[in-house]
Amino acid sequence: MLSQIIAVTGVNIRSIRARLGSSSVAVVGIAGVVLVFVAVLSIAEGVNNTMKASGDPNTVLILRAGSDTEMTSGLAGDQTRIIQDAPGIARDGSGNPMTSPELFVVVDHPLKRSGSPANVPLRGVTPEAFKVHDHLKIVEGRNLEFGKNEIIAGRAASRQFVGLSVGTTLKWGESTWTLVGIFDDGGSVSESELWCDVKVLQPAYRRGNSYQSVYAKLAAPGTFQQLKDSLTSNPQLTVSAMRAPDYYGSQTETLQTIIRTIGGIIAILMGVGAVFGAVITMYTAVASRTREIATLRALGFGSIPVVLSVLAEAALLAIIGGVIGGAIAWAAFDGYETATMNFQSFSQIAFAFAVTPKLLLTALFYALLMGLVGGMLPAIRAARLPVVTALREL
Amino acid sequence: MRFLPIVWRNLLRRKFRTVFTIGAIFFAFMLYGVLMAIRAAFSMGVDMAGQGRLMVIDKVSIINPLPASYESQLKTVEGVTDTTHANWFGGYYQDVRNQFATFAVDPESWLRVYSKEYDLPEAQKKTWYADRTGAIVGIDTAKKYGFKVGQHVPINGTIYRRPDGGPWEFTIDGIYDSKMKGSDKTQFVFNYQFLRETIPERSGFRDRYNWYVFTIADPDKAPQIAAKIDAMFANSPSETKTNTEKAFVSDWAKQVGDIGRIMMWIVGMAMFTILLVSGNTMAQAIRERTNELAVLKTLGFSEGRILSMVLLESTLIAAVGGGLGLILSYVFITATGDPTHGMLPAFYFPTPALAVGVLLVAALGMASGFLPAWQASRLRIVDALRRN
């Protein structure tokens, strides 16, 4: 039995060369599906990677209660000082709390790819910000000087928006800024942003002495609950506290839902379409070999080896298609950088498409599944052919 | 069509193949429907933006509200026929996850300017105009949360905050629908006066609007009027940016950017692949009958007749598969609407795209039948008969 299976499969696979035309159609069909599947989901993975890079679990984000994003939050200057003194927050060498009150606004500034205006996030910070966001480093130019109209831009922002290179002057409304440096933050969301001195930004946006968020470093991973309880039970404050990974996880929910819902619909429709494509291809392959198969059967080969050999051929074609599709998707899309609107924060977020190994393996698995499902009906048909009539067929 | 039976028998000769070819074409055109809906969704309703409507926002960013005093100045500009204003409220019901588009507006001028977009009974409009704490809500949102006319609903704001920290209690005065395809039926629109009284004066945000909308008599004059308005407010603390509503929507869609375009490319490619596979199979089905076509020729069938029979066969397959695919995706997309429940309100199958789909179906049928029939007609009968 096993030797029969091997023999028939061998014949099938060796004869693929003779049927290159119809076989390549199946391969192309499945490669197309895999390409689409990987490409669409690599967008979601890319956004996800950016969000993961942003969430240091020892950083806590404090917003006004009821606000789900920095953009809509608001904290008065005296509230940020109360927050600073809460228990559970790390202190630096000289005993000062490691907290960073920040102001988050957007400016209208053109995108490179279309030249059309986009909401570019602009974050006002204090010198303490660089202690809390300790992964941030200047990779070009220098850091901003506090008290001046100076800006530093994230690496992704400088690539996505017009005219963000060191030394350029930017004018928004009545204020003029000089871009003095480009920073790297390990691929996190802040790389899509522009940073400046909050004390300069507050009057420019008529914000008085108000902020939108406070970032705080935890003294130890376990002190989160203590900090949260003390903040939420303080009658002077109405704030909520979240660990950074939870916050960033929630930030792109809308975007992720859109990509995954649409990606899902596309993948299902395409997958079924490709199965139909595979069925007709394998069917044609079987039909053109009707006599050959009947001969094998007449020679005493059982129907199970025949079924398995057709399935093996379909699986092989599917895997070849899957590998080709995956490779094209990887070559064309992995690392492709773009920016999109993050509906929740109402501002642009830059990210790179990520074709991950996990994604490729899932796609290959689907390809194999499509091949097997597509090969099943023709295989059964091949095995059921009455030998005598089949031999007579042209 | 005397020879219809021959065409029919040919289709039935390999039932299995015919059925699956039709199936593949069916899914290709289902994909086409989804593709067109994605296209509409990511253009964010740019096709519906009013031609004669312009918007004014703060030059630095729409998040900086403009002074209320600008409205009377706008009205003085020649060619401006009507004005209204709105504030983005960021409302949610019970849980911050339940967000929908919420605007604080001046009810009467808002419904004057957007008279076609909101369909609701005159009586409900009248109630709303007279009700300081009233709101109208889109039928999609009303259905989702079970809002009824007359009901009191507590709505919290992510941006604005009541001094007491509680929600705003609105009365649902009307539920609007819209006859315009793909229009946003998720909005919650309420009277600005109710919001105004909860904004402390010292905050500097009272009597300031996120954007103005105005209509003009002659849409061709839009660029001149926009330039005039921006010049009027130049060098003030709140400089403006004025443009057509269409331009704003299109810029907004461009902010979302590549993602929609890339998805479309990908789906387009996928559809093309499936069509290639099924077209090839259909051509194959005819190619393997070359010698039969030669027999028909020997019997005296003209080339034109043979060609039309072959084309009829392939067009029939394309029409059944493609037609069903188009109809089903149209019905399905129209019935379910936005698959993300509120994130892509403009997810719909545009009617012009349906016409293009029909053309594609015809092209598929023609192309896949014409090539093999043409090849067969070029062969000499003797050679064709010899072919196996």
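The values are calculated or read from the model by the stated rules, or taken from the named source; none is laboratory data. Just so you know, these numbers come straight off a predicted model, no measurement behind them. Every residue, glycine as well, gets a Cβ built from its backbone with ideal geometry; the counts of neighbours run over all protein chains shown.
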>> Taking the conditions exactly as written (more than 13 Å from chain A (Cβ to nearest Cβ) and more than 17 Å from B:Val96 (Cα to Cα)), does B:Asp140 satisfy them or not?
In response: yes
> What are the residues in region B:48-58 that are buried (at least 20 other Cβ atoms within 10 Å of the Cβ) and modelled with pLDDT under 90, if any?
Replying inline: B:Met48
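For region B:219-240: of the residues being assigned to a loop (DSSP other than H, G, I, E, B) and touching a residue at least 40 places away in the same chain (Cβ under 8 Å), which is farthest from the other protein chains (Cβ to nearest Cβ)? Full working, then the answer.
Restricting attention to region B:219-240, the residues satisfying the condition of being assigned to a loop (DSSP other than H, G, I, E, B) are B:233-239.
If we keep only those that are touching a residue at least 40 places away in the same chain (Cβ under 8 Å) as well, we get B:233, B:238-239.
Working: B:Phe233: 12, B:Ser238: 8, B:Glu239: 6 Å.
Among them, the one singled out is B:Phe233.
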>> Can you go through B:Ala28, B:Ala37 and tell me which one is assigned by TED's automatic domain parsing to the domain that holds B:Thr315, under 22 Å from the mean Cα position of the chain (by Cα), more than 28 Å from A:Thr281 (Cα to Cα) and modelled with pLDDT of 85 or more?
In response: B:Ala37
>> With the structure loaded, tell me whether B:Val34 is within 13 Å of chain A (Cβ to nearest Cβ), assigned to a loop (DSSP other than H, G, I, E, B) and more than 19 Å from B:Tyr118 (Cβ to Cβ) or whether it fails that test.
In response: no
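Take B:Phe190 and tell me if it is assigned to a strand (DSSP E or B), buried (at least 16 other Cβ atoms within 10 Å of the Cβ) and at pLDDT 90 or above. Steps first, answer last, please.
Values: assigned to a strand (DSSP E or B): yes; buried (at least 16 other Cβ atoms within 10 Å of the Cβ): yes; at pLDDT 90 or above: yes.
Considered against the rule, which asks whether it is assigned to a strand (DSSP E or B), buried (at least 16 other Cβ atoms within 10 Å of the Cβ) and at pLDDT 90 or above, B:Phe190 comes out as yes.
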>> Could you tell me how many of the residues in region A:120-167 are under 24 Å from A:Tyr205 (Cα atoms), under 25 Å from the mean Cα position of the chain (by Cα) and assigned to a strand (DSSP E or B)?
In response: 7
> So which residues in region A:186-206 are buried (at least 18 other Cβ atoms within 10 Å of the Cβ) and free of Cβ contacts under 8 Å to residues at least 60 places away in the same chain?
Replying inline: A:Ala204
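Would you confirm, using the coordinates I've provided, whether A:Thr72 is more than 14 Å from every other protein chain (Cβ to nearest Cβ) and either touching a residue at least 24 places away in the same chain (Cβ under 8 Å) or crowded, with 24+ Cβ neighbours inside 10 Å (or both)? Full working, then the answer.
Values: more than 14 Å from every other protein chain (Cβ to nearest Cβ): no; either touching a residue at least 24 places away in the same chain (Cβ under 8 Å) or crowded, with 24+ Cβ neighbours inside 10 Å (or both): yes.
Against the criterion (more than 14 Å from every other protein chain (Cβ to nearest Cβ) and either touching a residue at least 24 places away in the same chain (Cβ under 8 Å) or crowded, with 24+ Cβ neighbours inside 10 Å (or both)), A:Thr72 does not qualify.
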> Which one is nearest to the other protein chains (Cβ to nearest Cβ) among residues in region A:75-112 that are aliphatic (A, V, I, L, M) and in a loop (DSSP other than H, G, I, E, B)?
Replying inline: A:Ala86
> When only residues in region B:338-368 that are small (Gly, Ala, Ser) and over 14 Å from B:Leu35 (Cα atoms) count, which is nearest to the other protein chains (Cβ to nearest Cβ)?
Replying inline: B:Gly342
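When you go through A:Ala278, A:Ala294 one by one, which is the residue that is crowded, with 20+ Cβ neighbours inside 10 Å and either within 13 Å of another protein chain (Cβ to nearest Cβ) or closer than 30 Å to B:Ile25 by Cβ (or both)? Working first, answer last.
Details: A:Ala294 fails: either within 13 Å of another protein chain (Cβ to nearest Cβ) or closer than 30 Å to B:Ile25 by Cβ (or both).
A:Ala278 is the lone residue from the list that is crowded, with 20+ Cβ neighbours inside 10 Å and either within 13 Å of another protein chain (Cβ to nearest Cβ) or closer than 30 Å to B:Ile25 by Cβ (or both).
Which one is nearest to the chain's Cα centre (by Cα) among residues in region A:338-365 that are of a type in the set (A, V, I, L, M) and facing chain B (nearest Cβ under 10 Å)?
Residues of region A:338-365 of a type in the set (A, V, I, L, M): A:339, A:341, A:349-350, A:352, A:354-355, A:359-361, A:363-364.
Checking which are facing chain B (nearest Cβ under 10 Å) leaves us with A:339, A:341.
Values: A:Ala339: 12, A:Met341: 14 Å.
The qualifying residue nearest to the chain's Cα centre (by Cα) is A:Ala339.
Return yes or no: is B:Phe26 at the interface with chain A (Cβ under 9 Å from one of its Cβ atoms), free of Cβ contacts under 8 Å to residues at least 12 places away in the same chain and in a helix (DSSP H, G or I)? Before you say what the answer is, go through the steps one by one.
Numbers: at the interface with chain A (Cβ under 9 Å from one of its Cβ atoms): yes; free of Cβ contacts under 8 Å to residues at least 12 places away in the same chain: no; in a helix (DSSP H, G or I): yes.
Taking the combined requirement at face value, the residue does not satisfy it.
Among B:Gly146, B:Gly138, B:Gly157, B:Gly174, which is closer than 28 Å to B:Ser203 by Cβ and small (Gly, Ala, Ser)? Even if it seems obvious, please write down each step before you answer.
Working: B:Gly146 fails: closer than 28 Å to B:Ser203 by Cβ; B:Gly138 fails: closer than 28 Å to B:Ser203 by Cβ; B:Gly174 fails: closer than 28 Å to B:Ser203 by Cβ.
One residue alone meets the criteria, B:Gly157.
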> Can you name the residue in region A:344-389 that is β-branched (Val, Ile, Thr) and part of a loop (DSSP other than H, G, I, E, B) and is also farthest from B:Thr21 (Cα to Cα) among such residues?
Replying inline: A:Thr356
> Is it fair to say A:Gly302 is under 30 Å from A:Ala354 (Cβ atoms) and not acidic (Asp, Glu)?
Replying inline: no
